[in-house]
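This report refers to the structure that appears directly beneath it.
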Amino acid sequence: MSVENVMKFLEVRKTTMTVTEAKDWLTDTWTIPFFISGIPLSDGWICFLCQYSCIEKSSMRSHCSLEHKGLNIFSQSMSCKVQKIFKGQLAKCLQILESLEELQEEDWKKTLNLEFQSTLTSQVQRDTQEEERGFNPRLVNAFYARIRWDLTVKDVERIELAEMTRIPVHGSKLYKIVLAGRRYIGNVCKELQGGNMLLRRSLMNSGYISLKGLSNSFRNESGRDFFSALQDKSSEDAYGTALGLLVCFYLRFLKEKESEEKDLLLRWFDRYPLVTSQTEKLQSLETILEMEDDSDILDKELHEVLMELFCWIESRNYISELACPVQRFLVAVCLQKDGMGFINVRDVTPWISKLEYGIRCTVWTELQRRIQEEGIEVGQDLGGMRSFIKVGNQTSFGFLEEIKHLAVTIAGTTNALPQVFLFHLLSDSRLPGLARMITWLWLFMERELNCHSLETWQGLY
C-alpha cells in the first residue's frame, strides 16, 4: 500500500514530516510563536546568548558552565514557557514567544473548562448510578425541604457549625472522648455475647411491626430481633466515634461560649439551648478531661453525659424537634463541610442508626448498673426506661425514628431499612383477625404501589 493510499484512508491532507526533515528543522529552530494545544506546556529557562532553552534550572547551569564559561547563570537566563514538540532523539525544548499573560489566561480558561467538564461528567455518572439503584436524585432536596432543616441553619455560619462536628486531632484532649465512646460501644458488645435474652429482645421492641417478620407467618413475635453485638471492630469504632462526636459537639460549644468570639454560632445555640442538667454534666466531664487521666473515671462520666442527652422524655407539651440535643447534632453533622448544603439523604440514615444504637447501649449500660448496684428486677418496662426507646414518645429515640422513616419514604431506601406498621400489639403479641387481614392487604399494596407514607399508616390506624 502506497503512502498516498494511507493518507487518503486516514483523511490526512498534508504530508507529515520525516525524521530527517524534523532534524533539519530543529537545528535552526529555538522558538515557536504560539503554544501547540495537546502538548504539555512547561515552565522553563531561556539563555540570552544562544537562545538555548530547558526545563530544569540545573540544566541551564550546566549549559552556562560548558558553553559560556565564567558567566553567571542568573544574569544570562530568565524564566519562560517551553514545549517539547517531539520525543526520543528529537526531544528539544522550544521557547513560546506568546506573552506570559496570554498564556496564563489560556491556562486559566483551559483549567476551568476541564474542571467543569470533570464535575459535569462525575455528576452524570453519579445520577446514573443512583437511578440504577432505584434512587431518584430529584428527591434529595425534597427530604430537607420537608423537614425544614434549611430554615434551621439559615441564620448561622454553616461552615462553623459543620466544623463543630469534625473528628478531633489525634492525641488531643477531645480525642480522648472519641476513644471513650469506642470503649463504651466495645464494652456493651462484649456483654451482649451473652446476657439476658428477654432484656435484649425488649431493647429492640420500639413499637413498630416489621413487614418482613409478618411475612414469616408471625413466627418470631412480629420479626423483632435481639439487641445484638456489632459484627466487627471497625463497626464498633464507627459507632463509638459517632457517640464521641456527639459529646465533642457540645464540649466545643462550651469552649466557644467562654470565648464569645463566634456570635452567630452562639446565637444558634442560644436559640436551641441545653437544659441545666445537661450543661452541668458536660461541664463535669470537661473538668475531668482536664484533670484526670484515668480512663475508668472518664468512661463513667461519659455514661452520665449520655444519660442526660438520651434518657429524657417530654410528655406534657408538644415540643420542637430541635429541642432535642441529639437532633441538633444530627442537623450539624449532616451539613456538607463547605457549608453549601446538606449531605445526600441516603447518608442520613446511617448516622441515625449509629445514634439509635448508642441510645440502646446507654439504656443497656444503665440497666446493668442498676441490676448490679441496686439489685432491681427488670420487667417488661425495663425498670421504667423502656419509654426512652419507644416510638411515638417525645424522646431522642422517638425523634430519630421519625426522621429515619421520613428519609426512607422520600429517598426510597427500602433495601436498607424495613418498612413498618404502627399497629400496637396485644399483651400476648398476637394480632387480632381484622388487623391481620389489613396487614396482608397492605403487604400486597406495598408491593404494587410502593406506599410507605408515615401519615398513611397513622391515618389507617
Q: Pairs only if they're at least six apart or on different chains, beta carbon under 6 angstrom, first in the range 157-177 and closer than 25 Å to residue 291 by Cβ and not assigned by TED's automatic domain parsing to the domain that holds residue 337, second of a type outside the set (D, E, K, R) and outside any helix (DSSP H, G or I); list them, first residue then second.
A: none
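Do the conditions hold for residue 424, that is, is it in a loop (DSSP other than H, G, I, E, B) and either at pLDDT 50 or above or loosely packed, with under 15 Cβ neighbours inside 10 Å (or both)?
On the way: in a loop (DSSP other than H, G, I, E, B): yes; either at pLDDT 50 or above or loosely packed, with under 15 Cβ neighbours inside 10 Å (or both): yes.
Taking the combined requirement at face value, the residue satisfies it.
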Q.
Just checking, does the range 257-267 include any residue being out of contact with any Phe, Trp or Tyr (no Cβ under 9 Å at 6 or more places or on another chain), of a type in the set (A, V, I, L, M, F, W, C) and surrounded by 14 or more Cβ atoms within 10 Å (Cβ to Cβ)?
A. no
Q.
Would you confirm whether or not the range 329-343 contains a residue that is out of contact with any Pro (no Cβ under 6 Å at 6 or more places or on another chain), touching a residue at least 40 places away in the same chain (Cβ under 8 Å) and within 22 Å of residue 228 (Cα to Cα)?
A. no
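Table: residues versus (1) at pLDDT below 75; (2) in contact with a Pro (Cβ under 9 Å, 6 or more places away or on another chain).
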| site | (1), (2) |
| --- | --- |
| 101 | yes, no |
| 106 | yes, no |
| 114 | yes, no |
| 130 | yes, yes |
| 159 | no, no |
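Being crowded, with 20+ Cβ neighbours inside 10 Å, more than 30 Å from residue 176 (Cα to Cα), at pLDDT below 75 and among the polar types (S, T, N, Q) narrows it down to one of 222, 210, 206, 217, so name that one.
On the way: 210 fails: crowded, with 20+ Cβ neighbours inside 10 Å; 206 fails: crowded, with 20+ Cβ neighbours inside 10 Å; 217 fails: crowded, with 20+ Cβ neighbours inside 10 Å.
On inspection, the qualifying residue turns out to be 222.
Only one residue in 297, 343, 288 is in contact with a Cys (Cβ under 9 Å, 6 or more places away or on another chain) and farther than 22 Å from residue 389 by Cβ. Which one? Lay out the reasoning, then the answer.
On the way: 297 fails: in contact with a Cys (Cβ under 9 Å, 6 or more places away or on another chain); 288 fails: in contact with a Cys (Cβ under 9 Å, 6 or more places away or on another chain).
Criteria check complete, one pass: 343.
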Q.
If a residue must be free of Cβ contacts under 8 Å to residues at least 12 places away in the same chain and among the acidic types (Asp, Glu), how many such residues does the range 294-328 contain?
A. 2
Q: Within the range 57-71, work out how many residues are over 19 Å from residue 42 (Cα atoms), of a type in the set (A, V, I, L, M) and not in a loop (DSSP other than H, G, I, E, B).
A: 1
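The values are calculated or read from the model by the stated rules, or taken from the named source; none is laboratory data. On a predicted model such as this, the values are computed, not experimentally measured, just so you know. Ideal geometry is used to build each Cβ from the backbone, glycine not excepted, and the neighbour counts take in all protein chains shown.
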